[in-house]
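The values are calculated or read from the model by the stated rules, or taken from the named source; none is laboratory data. Note that the structure is a prediction, hence the values are computed from the model and not measured. Cβ atoms come from the backbone with ideal geometry, glycine included; neighbour counts cover every protein chain shown. These accessible areas exclude ligands, DNA and RNA; they are computed on the full protein's heavy atoms, side chains included. Shrake-Rupley method; radii C 1.70, N 1.55, O 1.52, S 1.80 Å.
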Amino acid sequence: MAAFTSTAAIGMSLLVPVASAQPTPTEPAPSAEDIEHSERQVRERAAEVGRTKAKLAQADGELDRLAVAAAAAVERYNGQRLELQRSLQAHRDAQARLSDADRRLEEARAGLASMAAQLYRNNTGYDQISSALVGDGGPQGFMDRAAMAEVLVKRRTVMVDRVEASKNVADVFRRQAQRALDRHKEAMRRAEEARRLAEDAVSRQQESVDRIEAEKRRLERRLGKAEARTARLKRARERALQSAKAHQAGAAFTGSGRPAADGPITSAAPGAIAVRAALKWLGTPYSWGGGTIAGPSRGIAHGAGIRGFDCSGLAMYAWHKAGVQLDHWTGTQWTSGPRVPLDALRPGDLVFFAKDTSDPDTIHHVGIYIGKGQMVEAPYTGGRVRIASIHRGDLIGATRPSG
């Protein structure tokens, strides 16, 4: 029994490890439903990513649309402001002509009054017969006075005609001055209305920029860390490329050699001078109404606290350095020189952008061409003077300003 017991114990001890080495039950294999659910989640995630990217693209498009609307309103106000200046000058000129005409009328009236007094002195006292018999100098004196009176009467007729003519001229200038004043008042009304519309447009743009940028950040977070990192890298790359383009353009136009132009041009050409002047201010803030022939300045409304340029202000400044006077408005800058085909552009040419590329009256933006399809521009409120491509859907044409 002892032998059997020990033998059994040994056998049991040998069986225990064998039993513990047997495999445990495995997890059940995924069902078809599990696989379908997982694939559906993948598809939904992919669809969500697609929708998010579409929203981001839509947000960028809305920003572009708002920038165009604000730029159009700002340039419309710049045009009305120019018209206001002209109407004010026209009123001042009319007032000056009226003052001169009134002065001449008063001189003519004074001359007529003096003539009347002299004629009265030569025809007072006695009747003609008595004057002829006993007047000073006798008959001969009377004849002399009669001849003098006849001369004075003729001169009086001339003076009366002169007074009447002066009065007519003064009345014409008075009507002109009144019309000029009416036009000035209307120009003031239009300018104020354009200013209000522009302020509203810029305010909507800025509010939407803040809202859309926040939405874009939220959407980018939904895309996941990898997608957000990609977006950040893209923005960083864009900034780096912009800086590199600015450096290259600046070097090309400040060096001793020829600029990187599309057509034959020397560094002393007016266009090259205008480009160098504009490139000097890369990175300068956009300021609505900002920019004079002396450089960046504080603008108006949303630009009142910003020292910088708007698009037409930058063009005006740059071409002033080249000796060409431009108005602070894209409307007259468009007509400041001959039209230039887009395949014959030279540095300094002004390139224009419009809401309707068949209608120059809808021009809302101008840039200064620097070569190789690039321009320097003051883009929009919140932006800075930068280098950008001219190849946009709203490009309407180009002008080469001339003195």
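Distant-in-sequence amide contacts of ASP349, defined by a placed amide H-H separation under 5 Å and a gap of 5 or more residues or a different chain, comprise TYR369.
Computed extension gain for GLU213 through LEU197, at 0.36 nm per residue and net of the alpha carbon distance, reaches 3.4 nm. If r is the Cβ-Cβ distance from ASP93 to ASP361 and R0 is 30 Å, what FRET efficiency results, to the nearest 0.05? That pair, ASP93 with ASP361, gives E of 0.60. The solvent-accessible area of MET316, taken with every protein chain present and a 1.4 Å probe, is close to 20 Å². Computed over region 269-398, the Cα gyration tensor eigenvalues convert (square root of 5λ each) into semi-axes of 21, 16, 13 Å, ordered from largest to smallest.
Computed over protein heavy atoms with a 1.4 angstrom probe, the accessible surface ordering of SER99, SER203, SER312, largest first, is SER99, SER203, SER312.
Solvent-accessible surface of region 288-403, taken per residue with a 1.4 Å probe and all protein chains present: 38 Å².
Protein-only accessible surface at a 1.4 angstrom probe places the residues TYR369, TYR77 in the order TYR77, TYR369, largest first. Compactness of region 332-397 was expressed as the Cα radius of gyration divided by 2.2 N^0.38 Å, which yields 1.05. The listed residues LYS216, LYS185, LYS167, LYS372 rank as LYS372, LYS185, LYS167, LYS216 when sorted by accessible area, largest first, using a 1.4 Å probe. The phi-based Karplus calculation (6.51 cos²θ - 1.76 cosθ + 1.60; θ = phi - 60°) puts the 3J(HN,Hα) values of region 368-380 at 10, 5, 10, x, 6, x, 10, 9, 9, 8, 9, x, 5 Hz, whole numbers, x for Gly and Pro.
Around the amide H of ILE396, modelled in the peptide plane, lie the amide H atoms of PHE352, PHE353, ALA354, all under 5 Å away and 5 or more residues distant in sequence or on another chain.
The phi-based Karplus calculation (6.51 cos²θ - 1.76 cosθ + 1.60; θ = phi - 60°) puts the 3J(HN,Hα) values of region 67-72 at 5, 5, 4, 5, 5, 4 Hz, whole numbers, x for Gly and Pro.
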